[in-house]
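This report concerns only the one structure given below.
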Amino acid sequence: MHKLIILFESPENGQAFQLGWQKFLGLAEQLPGLRRETVSRVAQRLFGNPEGEVSLIHELLFDSKEALEAALASLQGQTAGTFLQSFTGGKVVLLIAEHLEAGEKDFVKRKA
């Protein structure tokens with residue numbers, strides 16, 4: 001799987017952000033090939049650059065990199081992307097990543 005990771009900076013106006021984000025969710029959920037999405041509200045920064053405080057992480061998962069790229073190039077993807085830039089004022093980071101996952105049964109237990 002591949003995913004689009006959206007890092008939202010802390011908004012100046014929380015209420016306006018919530019309204020914009022809800023509209024963005026509706027647009028993003030229309031992306032062709034979207035298989036799953038996750039949302040994480042950042043509770044605390046433990047380490048890292050203090051500029052551009054991230055408050056929300058939104059991940060959109062697709063079967064493949066090609067499916068993700070096709071979704072972004074689609075009319076729905078262009079509409080969602082344009083709206084994303086407008087309601088965040090560009091205070092957003094977009095990343096594409098391969099998604100790998102392991103459960104506890106997959107962990108290799110080693111003695112310390």
Quiz item: In the stretch 43-56, is there at least one residue being farther than 17 Å from E12 by Cβ and under 12 Å from the mean Cα position of the chain (by Cα)?
Solution: no
Practice problem: Return only the number of the condition from (1) at pLDDT 95 or above; (2) among the aliphatic types (A, V, I, L, M); (3) outside any loop (DSSP other than H, G, I, E, B); (4) in contact with a strand residue (DSSP E or B) (Cβ under 8 Å, 6 or more places away or on another chain) that V93 does not satisfy. | Solution: (1)
Quiz item: What are the pairs, 6+ residues apart or on separate chains, where a residue within the stretch 17-46 that is more than 21 Å from T79 (Cβ to Cβ) has its Cβ under 9 Å from a residue that is small (G, A, S) and assigned to a loop (DSSP other than H, G, I, E, B)?
Solution: V42/S10
Quiz item: In the stretch 18-40, which residues are more than 15 Å from G81 (Cβ to Cβ), more than 15 Å from the chain's Cα centre (by Cα) and either among the aromatic types (F, W, Y) or not in a helix (DSSP H, G or I) (or both)?
Solution: G33
Practice problem: State all residues of the stretch 1-40 that are surrounded by fewer than 14 Cβ atoms within 10 Å (Cβ to Cβ) and over 29 Å from E66 (Cβ atoms); if no residue qualifies, say none. | Solution: S10, E12, N13, G14, Q15, A16, Q18, L19, Q22
Quiz item: Of the numbered conditions (1) among the hydrophobic types (A, V, I, L, M, F, W, C); (2) farther than 24 Å from A70 by Cα; (3) part of a strand (DSSP E or B), A43 satisfies every one except a single condition; which is it?
Solution: (3)
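The values are calculated or read from the model by the stated rules, or taken from the named source; none is laboratory data. The shown structure was predicted, so the numbers you read here are calculated from the model rather than taken from an experiment. When we count neighbours, we look across all protein chains shown, and the Cβ atoms used for this are built from the backbone with ideal geometry, even at glycine.
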